[in-house]
Amino acid sequence: MSRKVTVVGGGISGLTLAERLGAAGHDVTLVDADARAGGLIRSERKDGFLCETGPQAILSGRPDTRALLAAAGVEGRVIWSHEATRRRFVYIRGALRPLPANPPALLKTDLLGAMAKLRLAREPFVPKGDPDRDESVLAFCERRFGAEAARAIGAPAVIGIYAGDAAHLSVKSALPRLWELEQKHGSVLRGAIAERKAQAGEGPMRSFSFPEGLEELPRALAVKLGDRRVVGRVAALEPLGTGYRVHIEPGARVASVDAERVVLATPGAVTAKLLAPIALAPAAASALASIPAAPIAVAALGFRAPAGASAPDLGVDLAAYGFIVARGEGPTLLGCQYESSIFAHRAPPGAVLLRALLGGTFDPAIVDATDDAIAARAVADLRRVAGLRVDPDFVAVWRHPAGIPQYDLEHAGRLRAIDDDLRRRPGLHVLGQSTTGVGVNDGIAAAAAFARDLG
């Protein structure tokens, strides 16, 4: 049965939902506050450097993502990360050390000492945790892998996803796959090996993007939506007898849109504000507003070849994806991606582009610093961590004060409060980073599942 649906929010979740619902035959309108579709996904070409100001790439292997690429008509434009960038590092004990690429490699890594490897080898024999009890990611990793492996591998992995502290994030909410592997197989390592065997025919997962950056995907989805996408900021939601009226601030081509169902795929703070009136869902609004976040500063650093040279000599081993910095090591840098090593055409011929990430829950105030201060911090830490020995010729800085939602140990309770309150409002739904996953693949999968359920 065809329904009339209004989706509020033009990030990847909202765009995916609108496209999938439209493909299923529903009457869909997408209301986007920004004329430029994509939300956090932004690709900026500056001085010949192609910079990603938000999400940097998408990891392959997710069926909903493959289906969306086909629907958007961009599957033929996919570019894959270079083979050499399978190497990833963590800075710990004063040096960059390779992250193990698979479970067997854990026993060869120099990230761990001999005793830590023996402890890790016992993981398949560690009893399963209580399925009714949640625990932090750090506690989970310590219980299953040992304290040294938790600090050297588990905690840095969380920084790479959430820019947050593994001691404060919920394993069930933040890394549900880890928890599910333990519950299903009795062992994370045994489960990971079983999944690798099951997926052997699909090849290894790799990162991908597009020639003009990740923004090609939301741009293509917006073009496909055409007139069904309305640019304007939502002022309020009004309950009607059979649905809702979405009021749009002056300046849009329509003043309001009526629908049987409204899906708020907006940032958590925006969603909370729209739900706050007593007539709507104040308890859900309160729960959304209480979700903590990790502010992020992104510093793009470009290096050009000096006269007479074919490439700049940075002093950095660029045959890698990049690195994450473990906490307690001194540098405050979260990590760095070697953009021009990962994808072609990210920098002019002979030049190098690095993307440094700063802030997180460890140094949230950095987003309030000047561009010069942020860039100086990034360069100083790159000198210390990676051996950088030249200053950048190009610098661009972007800030995300709302940053990445933190799925802490209270997150499941907040989701229950949101669901309970929204049950009083049939036809009103919430989707997006604050509730349904912080990655691009997560947003696509959640939106596709919602569309299937509605269909």
Q. Within segment 87-134, how many residues are under 20 Å from I161 (Cβ atoms) and among the acidic types (D, E)?
A. 1
Q) Within segment 378-404, which residues are part of a helix (DSSP H, G or I) and either of a type in the set (A, V, I, L, M, F, W, C) or crowded, with 21+ Cβ neighbours inside 10 Å (or both)? A) A378, V379, A380, D381, L382, V385, A386
Q.
Given the condition buried (at least 18 other Cβ atoms within 10 Å of the Cβ), part of a loop (DSSP other than H, G, I, E, B) and free of Cβ contacts under 8 Å to residues at least 40 places away in the same chain, answer yes or no: does some residue in segment 363-377 qualify?
A. yes
Q) In segment 392-407, which residues are touching an Asp or Glu at 6+ places or on another chain (Cβ under 9 Å) and more than 30 Å from P348 (Cβ to Cβ)? A) P401, Q406
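Could you go through segment 279-290 and let me know if any residue there is part of a strand (DSSP E or B) and either touching a strand residue (DSSP E or B) at 6+ places or on another chain (Cβ under 7 Å) or without any contact (Cβ under 8 Å) to a residue 12 or more places away in the chain (or both).
No, because not a single residue in segment 279-290 is part of a strand (DSSP E or B) and either touching a strand residue (DSSP E or B) at 6+ places or on another chain (Cβ under 7 Å) or without any contact (Cβ under 8 Å) to a residue 12 or more places away in the chain (or both).
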Q. What number of residues within segment 341-390 satisfy the criterion of being under 25 Å from the mean Cα position of the chain (by Cα) and more than 21 Å from A294 (Cα to Cα)?
A. 14
Q | In segment 300-326, the residues that are out of contact with any Leu (no Cβ under 9 Å at 6 or more places or on another chain), over 24 Å from V78 (Cβ atoms) and either surrounded by fewer than 18 Cβ atoms within 10 Å (Cβ to Cβ) or among the aliphatic types (A, V, I, L, M) (or both) | A | A305, P306, A307, G308, A309, S310, A311, D313, A326
Q. Is there a residue being in a loop (DSSP other than H, G, I, E, B), touching a residue at least 12 places away in the same chain (Cβ under 8 Å) and in contact with a Ser or Thr (Cβ under 9 Å, 6 or more places away or on another chain) anywhere in segment 89-100?
A. yes
Q. G350 is checked against (1) buried (at least 21 other Cβ atoms within 10 Å of the Cβ); (2) at pLDDT below 95; (3) of a type in the set (G, A, S) and fails just one. What number does that condition carry?
A. (1)
Q | Test result for L138, of a type in the set (A, V, I, L, M) and closer than 23 Å to P364 by Cα | A | yes
(Q) Could you check segment 68-89 and list, in sequence order, the residues that are within 18 Å of G22 (Cβ to Cβ) and buried (at least 16 other Cβ atoms within 10 Å of the Cβ)? (A) L68, L69, A71, A72, V74
Q. In this structure, does G61 turn out to be surrounded by fewer than 20 Cβ atoms within 10 Å (Cβ to Cβ) and not in a loop (DSSP other than H, G, I, E, B)?
A. no
Q) Is there a residue being assigned to a helix (DSSP H, G or I) and either in contact with a Cys (Cβ under 8 Å, 6 or more places away or on another chain) or farther than 28 Å from C336 by Cβ (or both) anywhere in segment 246-267? A) no
Q. Could you say whether any residue in segment 308-329 is in a strand (DSSP E or B) and farther than 20 Å from R377 by Cβ?
A. no
Q | Residue within segment 44-56 that is over 24 Å from E339 (Cβ atoms) and not in a strand (DSSP E or B) present | A | no
Q) Under the condition of being hydrophobic (A, V, I, L, M, F, W, C) and touching an Asp or Glu at 6+ places or on another chain (Cβ under 9 Å), which residue from segment 55-94 is farthest from A356 (Cα to Cα)? A) A71
Q: Could you tell me whether any residue of segment 184-205 is touching a strand residue (DSSP E or B) at 6+ places or on another chain (Cβ under 7 Å), modelled with pLDDT under 90 and not small (G, A, S)?
A: yes
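The values are calculated or read from the model by the stated rules, or taken from the named source; none is laboratory data. Only a predicted model underlies this, so the values are computations on that prediction, with no experimental measurement involved. Note: ideal-geometry Cβ built from the backbone for every residue, glycine included; neighbour counts use all protein chains shown.
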